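K.L.:
First the structure, which I've put down as structure tokens, then a few questions once you've had a look.
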Amino acid sequence: MRAQAHTLEAFVAGLLIVSGIVFALQTTAVTPLSASTSNQHVGNQERATAAGLLAAADENGTLETAVVYWNATPDDRDEGEFYGANNTDGPAYADAPPNAFGRALDDAFGERRTAYNVVVHSYDRNENLTRTWMVRMGVPSDDAVTVGRQVTLFDDASFSSPESGNVSAAASDPNRQFYAADADPGGRLFNVVEVRITVWRI
């Protein structure tokens, strides 16, 4: 009888040990950035905010103004940059641009412990992609969301910065630079660029 009791105790103890090992292998560390229903909701909210911001900026004209807020002849470098770019990692802003689009970005994300990057994508007539940083705050986290919106530029689109002239004149001048190429030489259309905002919590 006593031998059976010891056997049963050993069996139960072994079962508890195996169950503990299985449980430990199936658990993962939960951090503030771990995927969860809550984080998914936050991501959806940030996506909706960014999409709404881009739509409003496109409708009121501040998005086009931002993409041509450009310095085609900077003093200290051979390439162009967004006017007043202040990022030490390259020709981009480290925070919101000093224009109406930048104020909208700051209103939407500035006080919410949210970081964002803004990149302008453009293609030349051979379908070669150029990515130009407008805002570069850092490396996005795994749960970052990205939203984009296209802006049509015509040859006569004038710079909104103190830079004189328009995008077509700057792109064709060997002493000046604009990040987008003329995708339709001879036509009125200059290029269709896409502004992409990537947003993540910090």
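K.L.:
Quick check: residue separation of Asp106 and Glu194 times 0.36 nm, minus the Cα distance between them. What number comes out in nm? List each step's numbers first, then the result.
P.N.:
Values: separation 88, 0.36 × 88 = 31.68 nm, distance 2.02 nm.
Working it through step by step, the gained length comes to 29.7 nm.
K.L.:
Sorted from fewest to most neighbouring beta carbons within 10 Å, what does the list Trp200, Trp70, Trp133 look like?
P.N.:
Least crowded to most crowded, the residues run Trp133, Trp200, Trp70.
K.L.:
Which part of segment 187-202 falls in the paramagnetic zone of Arg131, meaning amide N under 17 Å from the point 7 Å along Cα-to-beta-carbon?
P.N.:
Under cut-off, by backbone N: 193-200.
K.L.:
Continuing with the same structure: Taking the square root of 5 times each eigenvalue of the Cα gyration tensor, what semi-axes in Å does the equivalent ellipsoid of segment 142-202 have, largest first?
P.N.:
Values: eigenvalues 163, 39, 19 Å².
Equivalent ellipsoid semi-axes, largest first: 29, 14, 10 Å.
K.L.:
I would also like to ask the following. Using the basic label-point model (7 angstrom from Cα toward the beta carbon), what is the Ser158 to Asp95 distance in nanometres?
P.N.:
About 3.1 nm separates the two model spin labels.
K.L.:
Just how far, in whole angstrom, is segment 145-171 from segment 98-114 if you go by their alpha carbon centroids?
P.N.:
The distance from the Cα centre of segment 98-114 to that of segment 145-171 comes to 21 Å.
K.L.:
Let me ask something else. Mean shadow of segment 39-201, computed from the convex hull of its alpha carbons, in nm²?
P.N.:
Working: hull surface 38.3 nm².
Averaged projected area of segment 39-201's Cα convex hull equals 9.6 nm².
K.L.:
Continuing with the same structure: Please compute one quarter of the surface area of the Cα convex hull for segment 90-182 and express it in square nanometres.
P.N.:
For the Cα atoms of segment 90-182, the hull's average projected area reads 7.4 nm².
Readers should treat all values here as calculations from the given coordinates under stated rules, not as data from a laboratory. None of the values given here were measured: they were computed from a predicted structure. Positions of Cβ are generated from backbone atoms using ideal geometry, with glycine treated the same way; all protein chains shown enter the neighbour counts.
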